[in-house]
Structure formats: structure tokens, C-alpha cells
Amino acid sequence: MNQGAVKERGRGRYDPTRAGKILVAVMVTLPALLGMLAIVIDGNGLMGQSEEMQQATDAAAQAAAVDLLQGGGSGTATATANQYITNYNGSTGASVAVHIPPQEGAYAGNSGFVEVVVTEPGRTFFSRALEGVAAPTLSSRAVAGYAPSTAGAALVVLDPSPAPLALPATIPGVPALPSLPSLIGGLEVLGIGNLQVQGAVLVNTTWGGVDQNGDPAGSGPGPPYGIACTPLISLTRLLATDIRVVGGVDNPANYGSVTAGKSSPLQANRLSVSDPWIDLPVPTMSVDPVNVSDTVYGGVQVTLLPLQQKTLNPGVYDWIEIDSGQVTFNPGVYIVRNVNPITGLALAVLGGQVTAAGTMFYITDNTVYSPDQGTPDNADGSTAPAAAGITTLVPSVVLNIGLPGSTFSAISSPSSPFNGIVIFQRRFDRRPVILVQQQLVGGGSFTGSIYAKWAHVMLVGEGTFNVSVVAGTMRVVELLTCTIAPPSLLPPVQEVFLVE
């Protein structure tokens, strides 16, 4: 063997001195390496736990704010926030503080907002094994509350899934009304001009169509639609401050802002809104002794010469029909509980000159309704009544509000629960209510609100309707451009927002 071969083999020879040095180096650096590993692993775990806590805190604050919005009170909201943290998110070791109103931040002192603060021991694996190292405490905070998300409402359509409805081929007092098909929208706009609404349009109908982007919305492709704009000419549109519908619409191009230059306010696939007048009582002597009377007058028809006069007083009527003459309704509540046996209408103002200032007409299909008890109307509640056995319904009310020199205005008394309302139809009464207006020289006026929870309200004509409407379904038949401009708006939509 030569010298070169010996040297070559010597290069791979085991060196115990060198191996010992490596072992010592590993022993010295191992704690540091383990510490770094603990920091990395436990740090990632704590970061994930912190994110989970914040998500849970955000959800708790929003759920508590929903309780406040729905009138649950601070006690209910606080219980909900705690439940979200401890039960729904499994944070059994967390400490939860709920402040209503918030104690800190931009919303401190605002009773419509909830502050939720959560503290919880951090969950670690390696760090707790190291002597003297305590687990960190994690903290998260969220503030949520409710605020208006629309302008005040002008039209509120409540029925989520309306029953089939058609009107008779001829309706007394509405000779100009064309033959109309069955309703194809919770709110339907039909005619030859723009419908301009000075306020929000809120529709609970779940029927289908598309949303503001043309994507599918509601229960199906439609028709029927949540809102239907069926123009007789291509320029017909629905313009409003806000347009919100649970379902969809026929064509987003038919909807826009009432303010020129603003983008379309249409929002489909939205949550339903509540009935703003669900707590409104039916008229009884105990509820409003100033405006309600229990005097019974039976059925009244007024057919007089143009200058002849007649005065009617608040009380209980079987039906009322005004055909001609000068008629004054003294201020107060008029309860109409039956129908004209010839026309089938409960309240009809078809001609003459009518002054009905400071009045409300309560329409009911309960023929024995008594203003002393209010039964059974006072038990109607919010549940939908059974659909009518037939799809063609004779209207309960036909008012020609454009009669020259005529005036219809609501009760004006802040102490009355009926302040601002002109027509209040029993909640379970589905019969249509029709208002007709044409722009005649010296035409009449109608100022106030209509409440017919499960009924169909139809406005026919042109010009300005100074009215707000809460109804089951609604149709506007425009003869020319039509404006709805309520004297006062209904409450806006309130929504929950996470703000901090």
C-alpha cells in the first residue's frame, strides 16, 4: 500500500474529540431551540384563538343589537351576548362584560348600541411547561348597534306571499279603469308615466325576478314578481328615495332614484320589514273617547241637488254612499261595518262636493262590530287571515278624491292613536281599497295615511297623492305621471351595524 492510499483513508477516520464538541453545542443550544419552537407554535395558536375570540365577540355584539332593535331590552340583549360567547362559541372560561350603552369609544352613551368585552386565558402547550411562564390573557372588544338604513317610508307592502286577486270587470265609480289582469307583483306599477315616490318603498313579497344586478332573486324567475313595473310605454318607471324588496323585480332598468343624477336605490333579496302599525288599536270608546261614538245610523245614501247640503256625524254606519250634493263629515271616526246591498261597497264617494276634514273611516267586515268592545277585530294580530275562497273581490272602499272642491284629511290630534290616518281597514279584511284622482280644475285633495294590513290598495289617476300606505299588496295605475308625497313619512328601515 502506498502512502497516498493511507492518507486518503485517514480523511474519513472517526474523531471523538470533534463529536463531543458537537454534542456539547447541541446541549447548550437545545433550550433556546425549544423556546423558539414554543414561541412559534404557541404564538400561532394564540393568534388563532385571538381571531376566534374576536369573531365570537363581533357576533355576540351584533346578536345583542338585534335584540335591542326588536325591543327585547338590555336584559335580553345581555343574556344573548353571554350565550353567544359561552354556549355557541364554546368559550366556557371567558369573562364577558356587556355594556348598554357602551362605556368607551365613539358610541359611548348611545342606548342603541352594545359594547361587548371578552377576556380569556390564552391556550398554550409548550409555554406552560416552562417553569415560571404564565399563560397570557387575551382580550377582544366589539360594538354594534342599529341605525336607519333608508329614508322614511312612503309605501310599505307587507304580504310575503299574496293570494290570487282579481277585481270585478266593472267597479261602481271607477268607469275609466281598464280591465286589469290578476296581480303579478306585491307592488305593481301599471300605466303610461313615471311613478315618483317621495320616500322609501318597502316590499315584503318574496316572489321572484332579478335583483339590481340582474341576478336571480326571490322565490323564482317570475312572474309573479316581488315588484312589477309593467309599462304601457317604455318610459314608465318607479322612482323613489329607496326601493327594497324581499324578492325580485321584473327588470332593474324600470327602477331608479327620484333624485336626478343619483344611482338606482333598488335593493332586492333584502330582509322583511315589520308592520309599523301592528300595535294600532281598533277604534273603541275607551281608546279614543273624543273621536269615537257608539251612535248607530244604519246605511246612508246621499243624492242631492248640487247646492243642497247634508252633514254626517261620527258613529256606526252600515254603509255610506255619496252620489251628489254638498256633504260635510264632522271630525271624528266613522265605523262602517256592512255594505250597500246593491253595489257591494262599504264606503263610496262617487260624486258631489265632500268635506271630510279631521276624519278617519274604519272599515270592517264584522257586521256586529261594536265601538264599546271592539271584538273580534281587536284580536286579529299579525297572523295572516285565510285567503278568500274566490279570487275576485269587490272593493270595500271607492273614493273619488279628485272631486272639485272636495277635501279629505286625517284626524289631527297627537293624543289620538289614529292621528294622521284617514282609512283604517280591519286587519283580517282582504277587500280592496281604491282611490281615484284626476287632475281637474279645482280638484279635491286627500291628505293622510291608509292602513289595510292584508288588503289590496289601489291608486288610480294622475297628479299628486299626499298619502302614505301600509297594505298587504298594492297597485298604482297611472294615467299620466303620478307622485306620492306623504305629509309625513313612516319609520325608516333600521339595520344592525358592527361599528367597532
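What follows is calculated from the coordinates using simple rules that are stated; it is not laboratory data. Just so it is clear, the structure is predicted and the values come from calculations on it, not from any experiment. So basically every Cβ, Gly included, is an ideal-geometry build from the backbone, and we count neighbours across all protein chains shown.
Here are the numbers:
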quantity: Listed peptides 460-467, 343-350 by packing density, highest first (mean Cβ within 10 Å); calculated: 343-350, 460-467
quantity: 5 angstrom amide H check on Gly220, placed H, neighbours 5+ away; calculated: Gly208, Gly209
quantity: In Hz, Karplus ³J(HN,Hα) per residue of segment 334-339 (6.51, -1.76, 1.60; θ = phi - 60°; x = Gly, Pro); calculated: 10, 9, 10, 10, 8, 9
quantity: 5 angstrom amide H check on Phe329, placed H, neighbours 5+ away; calculated: Leu312, Thr355, Ala356, Ala357
quantity: Neighbourhood net charge (10 Å Cβ-Cβ; Lys/Arg +1, Asp/Glu -1) for Val349; calculated: -2
quantity: Vicinal HN-Hα couplings computed from phi for segment 477-492 (Karplus, 6.51 cos²θ - 1.76 cosθ + 1.60; Hz; Gly/Pro x); calculated: 10, 8, 8, 8, 4, 10, 10, 10, 10, x, x, 8, 8, 6, x, x
quantity: Residues whose placed amide H lies under 5 Å from that of Ala153, excluding near-sequence neighbours; calculated: Ala200, Leu490
quantity: Share of Cα-Cα pairs in segment 338-488 lying beyond 25 Å, as whole percent; calculated: 27 percent
quantity: Distance between segment 329-396 and segment 424-500 - C-alpha centres, whole angstrom; calculated: 17 Å
quantity: Mean Cβ count within 10 Å, highest first, over the residues of peptides 148-157, 300-309, 66-75; calculated: 148-157, 66-75, 300-309
